[in-house]
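Working notes, structure below.
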Amino acid sequence: MRNRQLIGACLWVVLVIALSIRWIAHAQQIAPQPPDDPRFTGKTSTLDAKELSVSRRRFEAGARSAWHSHERGQLLFVQEGRARIQRRGQPMKKLDPGESDYTGPHVAHWHGAVPGQPLVQVAVGFGGETKWMEKVTDEEYQGKR
């Protein structure tokens, strides 16, 4: 369990550093990597990160989002606690610290904490609008529908 928490914290730090580097690169308008760059093999280039958003949210035990979708998808990381995630029409998934889940564009889903434990999640959005729908029922949250 401790290793998963450490891995989750490391992933979060790496994500923040990567986004910071991309933001700095964009702000300074750094040119593409030269072909003899010792940090990479093959052709690479820094991509624009202006559409990315990163948030960190705490859910108390049993708290959850409403059904929603993201125009360009969302990546979730579990930093602390355990998460429940469900895409409409699919079985619920549970994630432990250090685990992640990607939901593609326009896919209706919800996520939140398990009943007996709070959750801290890090969410990465890829731009566009979030479409909010109805609240998740207790039956849906309990995996009965």
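Numbers at a glance
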read-out: Likely footprinting exposure, TRP110, TRP132, TRP67, fewest C-beta neighbours within 10 Å first; value: TRP132, TRP67, TRP110
read-out: In order through segment 108-120: 3J(HN,Hα) via Karplus (6.51 cos²θ - 1.76 cosθ + 1.60), integer Hz, x for Gly, Pro; value: 5, 7, 9, 7, x, 7, 5, x, x, 8, x, 9, 10
read-out: Label point distance in nm, VAL107-LYS94, each placed 7 Å from Cα along Cα→Cβ; value: 2.1 nm
read-out: Potential lengthening between THR46 and THR130 on full extension [0.36 nm per residue; Cα-Cα distance subtracted]; value: 27.6 nm
read-out: Sorted by Cβ density within 10 Å, fewest first, the residues ARG88, ARG82; value: ARG88, ARG82
read-out: Sorted by Cβ neighbour density within 10 Å, fewest at the top, the residues THR130, THR103; value: THR130, THR103
read-out: Pairs beyond 32 Å (Cα-Cα), from LYS50/LYS135; LYS43/LYS94; LYS50/LYS131; LYS50/LYS93; value: LYS43/LYS94
read-out: Distant-in-sequence amide H partners of GLY127 (H built 1.01 Å from N, under 5 Å); value: SER53
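A short reminder: the numbers here are calculations on the coordinates, not readings from a lab. Here the structure is a predicted model, which means the values were calculated and not measured. When we count neighbours, we look across all protein chains shown, and the Cβ atoms used for this are built from the backbone with ideal geometry, even at glycine.
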